[in-house]
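Heads up, the thing below is written out as structure tokens.
The values are calculated or read from the model by the stated rules, or taken from the named source; none is laboratory data. Values in this document were obtained by computation on a predicted structure and should not be read as measured data. Ideal geometry is used to build each Cβ from the backbone, glycine not excepted, and the neighbour counts take in all protein chains shown.
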Amino acid sequence: MAITSHLAKLRYVPLDRHGSFSHPPCNEFLHVQSSRASTSTGLSFGSNGSTKQCKPMLVRSMASSFGSRLEESVKKTVASHPVVVYSKTWCSYSSEVKSLFKKLGVEPLVIELDELGAQGPQVQKLLERLTGQHTVPNVFIGGKHIGGCSDTVKLHRKGELQSLLSEATAKSKEN
């Protein structure tokens with residue numbers, strides 16, 4: 001089961017010559033319209049008719065905000081599913097892990113990074129920062145990072161994978 005994130009809906013936003021946004025990014029909850037064509041400071045936020053004047057955001061603050069929201073989203077995803085596999089559709093190691101889980105009767109949440117558009121590389125960089133692993137598959141069981149394909153297969157060969165899966169599944173049923 002592949003999913004796409006709500007963050008993929010973010011639109012391209014041009015920068016002015018000072019490296020600031022001339023318009024803050026739009027998302028599905030907030031409609032942004034320019035109130036003046038001649039400046040980059042007058043903006044009206046209008047999903048409910050109210051307006052608010054604001055200064056353009058700096059790229060650094062937007063990137064920091066986006067990065068922290070992305071990190072929160074990844075952590076929430078990992079914590080709320082018994083098994084999560086960050087994968088790429090073309091990766092043979094990812095396919096091996098997904099096949100192993102299928103053989104074991106486990107349905108992990110599979111997030112195909114190459115199907116997330118521009119967000120995919122950002123998620124992969126975040127996973128590398130969080131786990132120290134820059135490759136896929138990136139496997140989480142019971143909210144804990146297990147590793148990649150060889151780590152998962154090694155746990156299976158040692159007879160330890162099934163108990164981790166059972167524990168994670170039981171924990172998710174409690175919540």
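Points worth noting:
- Qualifying residue in region 150-173 (condition: under 20 Å from ALA79 (Cα atoms), without any contact (Cβ under 8 Å) to a residue 12 or more places away in the chain and touching a strand residue (DSSP E or B) at 6+ places or on another chain (Cβ under 9 Å)): no
- Some residue of region 93-103 being modelled with pLDDT of 95 or more, outside any helix (DSSP H, G or I) and exposed (fewer than 15 other Cβ atoms within 10 Å of the Cβ): no
- Evaluation of VAL110 against (1) in contact (Cβ under 8 Å) with a residue 60 or more places away in the chain; (2) in a strand (DSSP E or B); (3) under 20 Å from GLY67 (Cβ atoms) (one fails), failing number: (3)
- Taking residues in region 117-138 that are within 13 Å of VAL85 (Cα to Cα), and partners anywhere that are basic (Lys, Arg) and in a loop (DSSP other than H, G, I, E, B), the pairs with Cβ atoms closer than 8 Å and at least 6 places apart or on different chains are VAL136/LYS88.
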